[in-house]
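**Q** To start, I am sharing the structure in question, which I have written as structure tokens.
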Amino acid sequence: MARPKVASTEATSTEATSTLRSAVLRYRVMAYVTGVVLVVLCFVGIPLQVAGKPAVANDVGVVHGILYIVYLVTAYLLARRLRLATKPLVILLLAGTVPVMTFIVERWATRRFINPALGDDQARSPGAPETVRQ
């Protein structure tokens with residue numbers, strides 16, 4: 001009879017952190033991509049459409065729609081993993097509908113929910129100077 005393997009707490013914790021980091025990376029990529037495409041749609045596509053060239057707005061609009069659906073899925077999965085309440089979940093999901101808001105909400109979510117969940121309360125953002133802990 002085979003004995004069941006008992007996973008150590010450290011291994012389980014490392015796996016959970018790794019899974020959370022993967023979800024965060026997927027969310028960040030989709031937040032930035034969706035945000036950039038929405039900015040292009042609003043500040044390039046719409047003016048061109050008004051000027052009589054609707055092709056750019058139509059094409060970029062379709063791309064944004066598809067990417068927004070992927071963003072919704074990744075944001076929802078991250079929110080469930082972080083066990084977010086309803087209000088932060090709604091803010092996270094609606095961020096892809098307002099130009100530039102995905103960038104703002106991503107930073108807010110990182111500081112308020114993601115860093116504490118990862119145990120990175122003192123985590124630095126990309127590009128920030130490295131701090132030395134003693």
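The values are calculated or read from the model by the stated rules, or taken from the named source; none is laboratory data. Computed from a predicted model, the values in this text were never measured in an experiment. Note that each Cβ is placed from the backbone with ideal geometry, even for glycine, and that neighbours are counted across all protein chains shown.
**Q** Restricting segment 94-123 to residues that are among the charged types (D, E, K, R) and assigned to a loop (DSSP other than H, G, I, E, B), which is nearest to GLU15 (Cα to Cα)?
**A** Here the residue is ASP120.
**Q** Follow-up question, since we're still on this one. Considering each of TYR76, TYR27 in turn, give the residue that is surrounded by 20 or more Cβ atoms within 10 Å (Cβ to Cβ) and either without any contact (Cβ under 8 Å) to a residue 24 or more places away in the chain or within 30 Å of ALA16 (Cβ to Cβ) (or both).
**A** Among TYR76, TYR27, only TYR27 is surrounded by 20 or more Cβ atoms within 10 Å (Cβ to Cβ) and either without any contact (Cβ under 8 Å) to a residue 24 or more places away in the chain or within 30 Å of ALA16 (Cβ to Cβ) (or both).
**Q** So which residues in segment 45-101 are basic (Lys, Arg) and out of contact with any helix residue (DSSP H, G or I) (no Cβ under 6 Å at 6 or more places or on another chain), if there are any at all?
**A** Within segment 45-101, LYS53, ARG80, ARG83, LYS87 meet the criteria.
**Q** Also: Which residues, taken from segment 95-104, are of a type outside the set (Ser, Thr, Tyr), at pLDDT below 95 and surrounded by fewer than 16 Cβ atoms within 10 Å (Cβ to Cβ)?
**A** VAL98, PRO99, VAL100
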